[in-house]
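The values are calculated or read from the model by the stated rules, or taken from the named source; none is laboratory data. Fair warning: this is a prediction, and the values are worked out from it, not measured in the lab. Note: ideal-geometry Cβ built from the backbone for every residue, glycine included; neighbour counts use all protein chains shown. When the accessible area is computed, the model is the full protein with side chains, heavy atoms only, and any ligands, DNA or RNA have been set aside. Shrake-Rupley method; radii C 1.70, N 1.55, O 1.52, S 1.80 Å.
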Amino acid sequence: MTEAFIPPAKPIIGEDEIEAVTRVMRSGMVAQGPEVAAFETEFSEHFGLGRASVAVNSGTSALHIGLLAAGIKAGDEVIVPSFTFAATANSVALTGATPVFADIEPGSFCLDPASVEASITDKTKGIMPVHLYGHPANMKALKEIADKHGLQLFEDAAQAHGASLHGTPVGSFGTFGAFSLYPTKNMTSGEGGMITVGDAEVERRCRLYRNQGMLKQYHNEVVGLNNRMTDIHAAIGRVQLTKVGDWTKKRQENAAFLSLNLQGVTPPPVAEGAVHVYHQYTIRVPEDRDGFSAALKEQFQVGSGMFYPVPNHRLQPFQSPVDLPETEKAAKECLSLPVHPSLSQADLERIVTAVNTLAKAGS
Ligand SMILES: *Cc1c(COP(=O)(O)O)cnc(C)c1O
């Protein structure tokens, strides 16, 4: 096979980003400063969040600080999906609270409201859906459950920059939303995260927790972290913000091409009213998913990803005896195909040929 390998993800770093970093480096002020403040304002505006953004050094920090600022503490329970990246449950556990794992809806791969409601105890303080793969979770049903039981709603929007539900952007539903700016996400700042908050007091607490518990130097109000974003990273993020709209459009076009042309596999469904931003384009391969992935690579030079082969409730730190049949099924069947904005038409056609050939051979 002479064709070049098609990677499952490809961060795009342009000359503009390099120039922005150089500008900050030359300024001599590299830690959290004016670039971070500008990035926060521009992030809220770009995604139409109608609320403040607080920049931190990773998506995991965004979740952790958001939970601390929302008052989550030891003895509390927060309901999360098990079918997600470990950062979701890690951030809950790091507050001292217990992550309680609920099942997912088979279509969206996001939290199943019925399973969430069945998981509520008298210790439950919050529900934290993940907008997995860039598809919004069922926020209407989850909000109803949260309101009915007096719980807070939090959003892990690490994979869903620009996704929305009936016109409302993710990151604007919950007490807070947390975005990741890791290089493989839909946009990056190198490493970084953004907390989006509606309530002024919660926002203030986020700013305290990211900076040792201080807003004013040496006037510490709470026990805090150093999870600040640097101006170098913010400068990268600000440039990426001007490009992410086009990249998302390209992801959606790539996904539409795949969904139109793939045969013999189930393409990812999109819920009514949902805008999917295709952080991942995830199909199900019911028989021998791992062999299918290996054959894509060996026979067609097509990369793919398995997110996530081990559900969080079975990971060593969380071992929880819950029974989550849809989660187990998805963990075995899910395969994410390349959908990133750098794919050429020839790449897309090769992905289609590869998947259709292997699906036919396997059926
Ligand atoms: C990437 C990711 C995170 C963590 O973000 P980092 O920036 O890597 O810390 C959290 N949740 C989900 C669902 C993610 O995909």
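Some notes on this structure:
- Yes/no for residue 285 being aliphatic (A, V, I, L, M), open to solvent by 20 Å² or more (accessible area, probe 1.4 Å) and outside the structural domain of residue 167 (by TED's automatic domain parsing): no
- Residue in region 19-27 that is surrounded by 15 or more Cβ atoms within 10 Å (Cβ to Cβ), small (Gly, Ala, Ser) and in a helix (DSSP H, G or I) present: yes
- Filter result for residue 80 (aliphatic (A, V, I, L, M) and within 11 Å of the ligand (Cβ to nearest atom)): yes
- Residue within region 260-269 that is under 29 Å from residue 28 (Cβ atoms), out of contact with any strand residue (DSSP E or B) (no Cβ under 9 Å at 6 or more places or on another chain) and either surrounded by 18 or more Cβ atoms within 10 Å (Cβ to Cβ) or in contact (Cβ under 8 Å) with a residue 24 or more places away in the chain (or both) present: no
- If you go through region 36-68 and keep only what is within 11 Å of the ligand (Cβ to nearest atom) and in a helix (DSSP H, G or I), you end up with 59, 60, 61, 62, 63, 64.
- In this entry, residue 99 passes the filter for residues that are open to solvent by less than 30 Å² (accessible area, probe 1.4 Å), under 29 Å from residue 283 (Cβ atoms) and in contact (Cβ under 8 Å) with a residue 40 or more places away in the chain.
- Scan of region 162-178 for residues that are within 12 Å of the ligand (Cβ to nearest atom) and touching a helix residue (DSSP H, G or I) at 6+ places or on another chain (Cβ under 6 Å), ordered by number: 178
- Counting only residues that are more than 20 Å from residue 191 (Cα to Cα) and charged (D, E, K, R), region 205-232 holds 3 of them.
- Failed item in (1) assigned by TED's automatic domain parsing to the domain that holds residue 143; (2) loosely packed, with under 15 Cβ neighbours inside 10 Å; (3) within 19 Å of the chain's Cα centre (by Cα), with residue 222 passing the rest: (3)
A quick yes/no check of all residues on (1) in the same structural domain as residue 50 (by TED's automatic domain parsing); (2) among the charged types (D, E, K, R); (3) away from the ligand (no atom under 16 Å from the Cβ):
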{"residue": "147", "(1), (2), (3)": "yes, yes, yes"}
{"residue": "180", "(1), (2), (3)": "yes, no, no"}
{"residue": "186", "(1), (2), (3)": "yes, no, no"}
{"residue": "209", "(1), (2), (3)": "yes, no, no"}
{"residue": "228", "(1), (2), (3)": "yes, yes, no"}
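- The conditions of being hydrophobic (A, V, I, L, M, F, W, C) and open to solvent by less than 30 Å² (accessible area, probe 1.4 Å) are not met by residue 200.
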